[in-house]
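Below is one structure, written out as structure tokens; comments come after it.
Every number in this text was worked out from the coordinates using simple rules, so none of it is lab data. Everything numeric here is computed off the predicted structure, so don't read it as measured data. Because the Cβ atoms are built from the backbone with ideal geometry, glycine has one as well, and the counts that use them run over all protein chains shown.
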Amino acid sequence: MDYPTRFDVIVIGGGHAGTEAALASARMGCSTLLLTHNIETLGQMSCNPAIGGIGKSHLVKEIDALGGAMALATDKAGIQFRTLNSRKGPAVRATRAQADRILYKAAIRYVLENQSNLTIFQQSADDLIMQDDTVTGVVTQSGIRFYSQTVVLTAGTFLGGIIHIGLEKLSGGRAGDPPSVALANRLREMPFRVDRLKTGTPPRIDAKSVDFSVMEAQPGDTPVPVMSFMGKTEDHPEQISCYITHTNERTHDIIRAGLDRSPMYTGVIEGVGPRYCPSIEDKIHRFADKDSHQVFIEPEGLATHELYPNGISTSLPFDVQLELVRSMRGMENAHIMRPGYAIEYDFFNPQDLKHTLETKFVHNLFFAGQINGTTGYEEAGAQGLLAGLNAGLRAQGKEGWYPRRDEAYIGVMVDDLITLGTNEPYRMFTSRAEYRLILREDNADLRLTEKGRELGLVDDVRWAAFCGKKEGIDQETERLATSWIQPKTEQAERVQQKTGQPLAREYNLLDLLKRPELEYDDVASLRGEPVDNPQVAEQVQIQVKYAGYISRQQDEIEKLRRHENTPLPEDMDYSGIDGMSNEIRQKLSEARPETLAAASRIPGVTPAAVSLLLIHLKKRA
Ligand code: FAD
């Protein structure tokens, strides 16, 4: 056949994991095949059209720092941008963008089609070609055989997918798409531990049938944030508002009355759903004392009237969905364009993976995204990038790479999944990271772009911009450190106006910036010119203001790294450790970790508790 059938890397699935995987491997110079059900659904957002949010934007910025597509596509498609937690510290600050789902798909498809070394082919992958316990290729639905050094599987919610609307069941990978049954059956013959999870989505509403005048408008922030380190506000399309309405007691009565036809409450659905993104029937049940829940009415795009009512994901029967939607203020005449539904699908126990996301049972086969028990585009994209990168490294005969927990949220997520597994859809939160002050979204590039360049993931344009930024930070820090303000001058008076205190002696600008009352903009122009790059200014401010905390965290990381292989005695009596909470003592007693590093990875075991463990060990010695 005169058609390319041999590749370095084959990626199955063109969702968020698959597209980042294929792009990463192709960027590294590996000939890559992206095999997906339908080219029209490349980069499709199966659920809410939004990217980022707390913990999730950290992943998006890390994907971006490693040359990935998600953040840039978000900048091209975002129709409402907000900075969440803007009044809190930089560690938990997060960027969230409402996206136009059509523009998002177009942006992703554009990047894919213009990526060298990447071939896209539309067809279902139905089987894996195996040589002993090594994968060597893929067979498509029509029997075409593609061969490769490595394969990345990113089949999302499609493996054995079953859609539920009320007590009606149908096979599907998501609404409108067929499931992946042949491949699911093939994988079930392999030694992987397979289980079922479920997720759900709300009904979509026609904006023409909604009365926005009685809802609260929620505009985006100004100045409008960007998602990518390379992003510009000018790249954004028109910005529009979201709206807020609420459920009420009548809504809750309607839901309760429909529970006898709910697949979740009648035991039809077995898979566990996302705890942090519950269905509305779940919320009514779990928070029975609440008589109202907020519902964000989010536009799905600029060229469509479709709305996504965020907060009422449901698998109740259609007639109940219609009644509950119409019980909310502004929705009295709402027309449902697509019913909500739940989907159950196969996922693989991520404890059967290595940190590179290669499976332990099949060599050269990598898993990424929803099939590893995660939920969310960002979690999927981040794993996709890591799996694609490692599939590429393997094809090139090189050592694998993955970030440590103190280097990236990607490292935290993969380590959590691989060491602890999951029995519910895993999503990222800042609270999962021990070293939050170091793993900020604003410094993802400073943490990862050099490594990305070394791995071949970062192109010349991004690299030049990164080097310029780094140099700018050094130069500006140096300028502030060497620019002095004398007491009783006009500049000293400006400082006094902000701080309420006269300058008692000569100060440089760097020391002034450490004062809580003063921001970069207050001090930078006291002498000389402030930088005109807002990313540089932001970095200088954060690095100076949080220097003490950051260096303390760095010390902790160093200390743990030095001691991570320290064994913990089998007979250790955790109840006798001074200063440790009972909860942590109990966790350690139950888990009986073998080393200090293993202890540090137990959820809830804080870096402070690890330090206490270390002190205790020294005392015992
Ligand atoms: P997907 O985006 O599902 O992509 C899988 C891709 O693989 C698709 O392109 C598919 O066509 C292709 N594919 C599958 N099998 C094959 C095959 N055999 N051959 C070729 N191609 C194949 N996330 C949240 O964070 N919050 C939510 O509330 C939420 N709700 C959801 C509700 C529903 C109904 C669904 C379907 C998803 C929901 N998600 C939610 C999850 C979110 O959509 C996923 O986390 C994310 O899309 C996962 O990305 P992925 O790349 O792993 O898989």
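Multiplying the residue separation of residue 249 and residue 620 by 0.36 nm and removing their Cα-Cα distance gives an extension gain of 127.6 nm. Neighbour counts of other Cβ atoms within 10 Å put 56, 76, 88 in the fewest-to-most order 88, 76, 56. Among the lysines of the range 480-587, pairs at least eight places apart or on separate chains and with Cα atoms under 20 Å apart come to 4.
Between residue 582 and residue 517, the distance separating the two model label sites (each 7 Å from Cα on the Cα→Cβ line) works out to 4.6 nm.
Per-residue extension of 0.36 nm, minus the Cα-Cα distance of residue 463 and residue 484, leaves a gain of 4.2 nm for this segment. Taking every pair of distinct Cα atoms and averaging 1/r, then inverting, what Kirkwood hydrodynamic radius in Å comes out for the range 141-255? Averaging 1/r across every pair of different Cα atoms and inverting gives 19.8 Å. Cβ-Cβ distance of residue 590 and residue 291, R₀ of 60 Å, FRET efficiency by 1/(1 + (r/R0)^6): the value works out to about 0.95.
For the range 150-284, the Cβ-based charge dipole about the Cα centre amounts to some 640 debye (Lys, Arg positive; Asp, Glu negative; other atoms uncharged). Only lysines eight or more places from residue 208 in sequence, or on another chain, were considered; those with a Cα closer than 25 Å are 105. Note on the chain: with charges restricted to the Cβ of Lys and Arg (+1) and Asp and Glu (-1), its dipole about the Cα centre is near 820 debye.
Exposure proxy for 32, 245: other Cβ atoms within 10 Å of each Cβ, ordered fewest to most, give 245, 32.
On the principal axes of its alpha-carbon atoms, the range 425-523 has extents of 56, 36, 16 Å, going from largest to smallest. Rg over Rh for the range 38-150 works out to 1.10, both radii taken from alpha-carbon positions and Rh defined as the Kirkwood radius. Distance between the 7 Å Cα→Cβ label points at residue 471 and residue 398: 2.5 nm. List the residues of the range 163-205 whose backbone N lies under 11 Å from a point placed 7 Å from the Cα of residue 38 along the Cα-to-Cβ direction. Output list for this probe position: 173-179. In this Cβ point-charge picture (+1 for Lys and Arg, -1 for Asp and Glu), the range 216-301 has a dipole of about 320 debye about its Cα centre. Evaluating kT/(6 pi eta Rh) at 10 °C and 1.306 mPa s, with the Kirkwood radius of the chain over Cα pairs in the Stokes-Einstein relation, gives 61 µm² s⁻¹. Between residue 451 and residue 527, the contour length at 0.36 nm per residue exceeds the alpha carbon distance by 23.8 nm.
With the cut-off at under 12 Å, measuring from each backbone N in the range 176-191 to a point 7 Å along the Cα-to-Cβ line of residue 141 picks out 177-183. The radius of gyration of the Cα set in the range 202-338, together with its Dmax, comes out at 16.8, 51 angstrom. Sorted largest first, the spans of the alpha carbon positions of the range 477-516 along the three principal axes are 26, 20, 14 Å. With contacts taken as Cα pairs under 8 Å at a separation of at least 6 residues, the range 130-214 carries a relative contact order of 15 percent.
Within a straight-line Cα-Cα reach of under 16 Å, residue 619 can be paired with the following aspartates and glutamates, leaving aside sequence neighbours fewer than 8 residues apart in one chain: 571, 573, 578.
Along the charge dipole of the chain, which of 269, 414, 390 sits closest to the positive end, that is, farthest toward it, with unit charges on the beta carbon of Lys, Arg, Asp and Glu (+1, +1, -1, -1)? The Cα lying farthest towards the positive end belongs to 414. With contacts taken as Cα pairs under 8 Å at a separation of at least 6 residues, the chain carries a relative contact order of 17 percent.
Would you work out which of 484, 435, 466 lies farthest towards the positive end of the dipole of the range 427-539, given +1 charges on the beta-carbon of Lys and Arg and -1 on that of Asp and Glu, about the Cα centre? Final value for the positive-end residue is 435.
Arranged from fewest to most other beta-carbon atoms within 10 Å of their beta carbon, 247, 41 become 41, 247. Based on C-alpha pairs under 8 angstrom that are at least 6 apart in sequence, the range 1-151 has a relative contact order of 29 percent.
Positive end of the dipole of the chain (Cβ unit charges, origin at the Cα centre): among 121, 91, 278, the Cα lying farthest that way belongs to 91.
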